[in-house]
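The structure under discussion appears below in the form of structure tokens.
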């Protein structure tokens, strides 16, 4: 919780710095019109304006890089979640592939043995089915 508050404070401070930088650039541009063309003061003001504008460009690049990293992390998290879901789904399919035939075999074996429990009549169908009852994967 403390980290979240700290990050919110950092974001607010970054926005304030960005706003201050924008205001400073606007002030420098306004001041340029009052200076005499070709003077050292105007040249210095233009250099200062160029430095401020480069800072703004760097700040924008940093924001875009941070957004890109955040987006990439979000995509990686989503992919990891999907992989985990896929792995559990496949595991469920594998387990069902073993359990369902065993249940089927158990039901038919029970019926077949019930039918033939007296031993007086042996069904050729049950004899034929026994060879197919294999509790293993094919």
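For the reader, a short list of remarks on this structure follows.
- Neighbour counts of other Cβ atoms within 10 Å put 20, 109 in the fewest-to-most order 20, 109.
- Put in order of Cβ neighbour count within 10 Å, fewest first, the listed residues 29, 95 become 95, 29.
- Extension reserve of the residue 15-residue 109 stretch, reckoned as 0.36 nm per residue once the Cα distance is removed: 26.4 nm
- Förster-model FRET efficiency, 35 Å R0, residue 50 and residue 74, C-beta, rounded to 0.05: 0.45
Where a number appears in this text, it was derived from the coordinates with a stated rule and is not lab data. Because the structure is predicted, anything quoted here is derived from the model rather than measured. All Cβ positions, even for glycine, are placed from backbone atoms using ideal geometry, and neighbour counts span all protein chains on display.
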